[in-house]
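The structure under discussion appears below in the form of structure tokens.
The values are calculated or read from the model by the stated rules, or taken from the named source; none is laboratory data. Bear in mind that the values here come from a model prediction, so they are computed numbers and not experimental data. Here the Cβ positions follow ideal geometry from the backbone for every residue, glycine too, while neighbour counts run over all protein chains shown. These area figures cover heavy atoms from the full protein model, side chains too; ligands, DNA and RNA do not enter into them. Shrake-Rupley method; radii C 1.70, N 1.55, O 1.52, S 1.80 Å.
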Amino acid sequence: MEHLLWQITGSVLFSFLGLAVLLIAYYIVEKLTPENTWKEIVENKNVALAIVFGAFIIGIAIIISGAIHG
């Protein structure tokens, strides 16, 4: 039972760590781009930019997942 508790705790910890890294990566890319990407996607309905950022988020999530699982 104690082993299961450690597994659950580790999973939750790595989930939060992965989310933190993903948000930091998004913040860095947001600062590197000349426009406010969120405003461009939401207000101007720029579908191409939304697709690019969706692919970016999926790519970073795959990298984080691979790093966590080894």
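Miscellaneous remarks
- The stretch 11-31 residues that are at positive phi, paired with ones that are in a helix (DSSP H, G or I) and surrounded by 12 or more Cβ atoms within 10 Å (Cβ to Cβ) (beta carbon under 6 Å, 6 or more apart): none
- Taken together, Leu23, Leu17, Leu49 contain a single residue that is at pLDDT 85 or above, part of a helix (DSSP H, G or I), surrounded by 10 or more Cβ atoms within 10 Å (Cβ to Cβ) and touching an Asp or Glu at 6+ places or on another chain (Cβ under 6 Å), which is Leu49.
- Against the criterion of being open to solvent by 100 Å² or more (accessible area, probe 1.4 Å), of a type in the set (Asp, Glu) and at pLDDT 85 or above, Glu43 qualifies.
- Any pair with Cβ under 6 angstrom, 6 or more apart, that starts in the stretch 46-70 at a residue that is at negative phi and ends at one that is open to solvent by less than 40 Å² (accessible area, probe 1.4 Å) and not in a helix (DSSP H, G or I): none
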